[in-house]
Amino acid sequence: MHKLRSFSVAKLAKVLSRVSPRLKSTGGRPSAPLGSRILTNPDDIFKHNMWDHVQWTELDKENARQKAEENSCVQIPLKEQGAKSHATNTCLHDQLAAYPLSTRSSTETRPHHRNTDTSNQETCQGAALEKNEAHIQTTTFPGQHASFRILEVGCGVGNSMFPIVNCIKGTDAFLYCCDFSPCAIQLVKDHPEYDDSVCHAFVHDICEEVASFPFPPQSLDVILAVFVLSSIHPDRLQGVVNRLSTYLKHGGTFLFRDYGRHDFSQLRFKKGRCLSENFYTRGDGTCVYFFTKEEVHDLFSNAGLEEIQNLEDRRLQVNRGKKVVMHRVWMQSKYRKTYPPSPS
Ligand SMILES: C[S@@+](CC[C@H](N)C(=O)[O-])C[C@H]1O[C@@H](n2cnc3c(N)ncnc32)[C@H](O)[C@@H]1O
């Protein structure tokens, strides 16, 4: 029988770093990895569209802080936030759908606490692992026979997923992708490159606490979230990451890319668009949060994951025609689910 090549996180990272046609379709967010085009001579600024590893001066930081303070000094009253957000959750052609803002739930805000009784913890984890292995072997689910499983949440129309699909053919990997927009999922399924022997797309709202996934807990090697967690209300985010993390195998990786604090797109919001600190609503009803490194770190470590990488990708984006320069800030992070301590 034909032997399948083995897939890995490193191979996935390589695929993602090549996903570059998204530059236009995603409102100017680059998907290329951190590059090496460094602006050393300010006179060269209009020679390229993008410069990497840009250091902010104290003045840049102060200007950004002031702009964010100005555009968030008026916040949309809570009762209007609900009405606004429920109004728009329709079909999407351009990636986006709105997320209903709702009140905090007790499970979502509760951080992931470690059990302090370690002997009990080890026994429970060992038993849970065995039970889970048995469960994976006895239940039937798409991708069951793969040994490397990836989930992309908020996949939209598949900008990241199709390059992954093409790369995992002939390997031992399987890709799941979900979005809460049925329209996005339909577009993904109708795509000529959709291939249900290597992927499975389904409608799923990651904020939904009771909705189940089409695979068992602890069955995923990678979870990928690209510009999706920013659209979720900050009060719900911890619950979302906690829940998603339960589907990672021990040693599995959470890959995250999203907007960073004081990115150009935050600073250009007009007054009256702010919902709460660093959280805004766009004209199309979708929402966006702008993360700091510390917030990202707390989010993933509270879910029991350990940092592999957590960086701010600061670039200068240049519109050479209009001679406009924009400071862009994106977060790029990798967190891993730790192995349970081995029984002594
Ligand atoms: C900005 S788009 C990014 C799409 C894709 N990840 C990309 O980078 O091209 C955000 C996507 O997340 C989806 N989304 C937002 N909130 C979601 C939720 N609670 N559950 C599932 N999908 C969600 C939206 O429908 C949209 O397709």
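Mind listing whichever residues of segment 38-65 are among the hydroxyl-bearing types (Ser, Thr, Tyr) and within 17 Å of Arg261 (Cβ to Cβ)? Once the filter is applied, which keeps residues that are among the hydroxyl-bearing types (Ser, Thr, Tyr) and within 17 Å of Arg261 (Cβ to Cβ), segment 38-65 yields only Thr57.
Restricting attention to segment 254-295, the residues that are open to solvent by 30 Å² or more (accessible area, probe 1.4 Å) and within 14 Å of the ligand (Cβ to nearest atom) add up to 2.
Applying the set (1) under 25 Å from Asp179 (Cα atoms); (2) touching a Gly at 6+ places or on another chain (Cβ under 8 Å) to Asp284 leaves exactly one unmet item: (2). Going through segment 230-255 one residue at a time, which ones are in contact with a Ser or Thr (Cβ under 7 Å, 6 or more places away or on another chain) and under 12 Å from Glu209 (Cβ atoms)? Residue satisfying the conditions is Gly239 alone. Residues that are at pLDDT 90 or above, out of contact with any strand residue (DSSP E or B) (no Cβ under 7 Å at 6 or more places or on another chain) and open to solvent by 70 Å² or more (accessible area, probe 1.4 Å) within segment 64-83 comprise Arg65, Gln66, Lys67, Glu69, Glu70, Cys73, listed in sequence order. Lys334 satisfies every condition listed in (1) assigned to a strand (DSSP E or B); (2) open to solvent by 50 Å² or more (accessible area, probe 1.4 Å); (3) touching a Gly at 6+ places or on another chain (Cβ under 9 Å) except (3). The listed residues are Val210, Val165, Val157, Val188, and the only one of them that is free of Cβ contacts under 8 Å to residues at least 24 places away in the same chain and aliphatic (A, V, I, L, M) turns out to be Val210.
Here the strands (runs of 3 or more DSSP E) wholly within segment 127-224 that include at least 1 residues being farther than 23 Å from Phe300 by Cα and either within 12 Å of the ligand (Cβ to nearest atom) or modelled with pLDDT of 95 or more (or both) are 173-179, 199-203. Residues that are of a type in the set (S, T, N, Q), open to solvent by less than 30 Å² (accessible area, probe 1.4 Å) and more than 22 Å from Gly251 (Cα to Cα) occur in segment 176-184; there is at least one. When you scan segment 302-315, do you find a residue that is part of a loop (DSSP other than H, G, I, E, B) and buried (at least 18 other Cβ atoms within 10 Å of the Cβ), even just one? Yes, there is a match, as at least one residue in segment 302-315 is part of a loop (DSSP other than H, G, I, E, B) and buried (at least 18 other Cβ atoms within 10 Å of the Cβ).
Name the residues in segment 230-245 that are under 30 Å from Pro341 (Cα atoms) and touching a Lys or Arg at 6+ places or on another chain (Cβ under 9 Å), would you?
Looking only at segment 230-245, we keep the residues that are under 30 Å from Pro341 (Cα atoms), and these are 236-245.
The answer is Arg236, Gln238, Gly239, Asn242, Ser245.
For residues that are polar (S, T, N, Q) and open to solvent by 10 Å² or more (accessible area, probe 1.4 Å), scanning just segment 225-252, find the one that is nearest to the ligand (Cβ to nearest atom).
So in segment 225-252, the residues polar (S, T, N, Q) come out as 230-231, 238, 242, 245-246.
Going one step further and asking which of them are open to solvent by 10 Å² or more (accessible area, probe 1.4 Å), we end up with 231, 238, 242, 246.
Values: Ser231: 4, Gln238: 14, Asn242: 14, Thr246: 16 Å.
Selected residue: Ser231.
Consider Arg257 carefully, then state whether it is under 23 Å from Ser36 (Cβ atoms) and touching a Lys or Arg at 6+ places or on another chain (Cβ under 6 Å). Considered against the rule, which asks whether it is under 23 Å from Ser36 (Cβ atoms) and touching a Lys or Arg at 6+ places or on another chain (Cβ under 6 Å), Arg257 comes out as no.
The values are calculated or read from the model by the stated rules, or taken from the named source; none is laboratory data. What you see is a predicted model, and the numbers here were worked out from it, not measured in a lab. Methodologically, a virtual Cβ is constructed for each residue, glycine included, from the backbone with ideal geometry; neighbour enumeration extends over all protein chains shown. Surface accessibility is based on the protein's heavy atoms, side chains included, excluding ligands, DNA and RNA. Shrake-Rupley method; radii C 1.70, N 1.55, O 1.52, S 1.80 Å.
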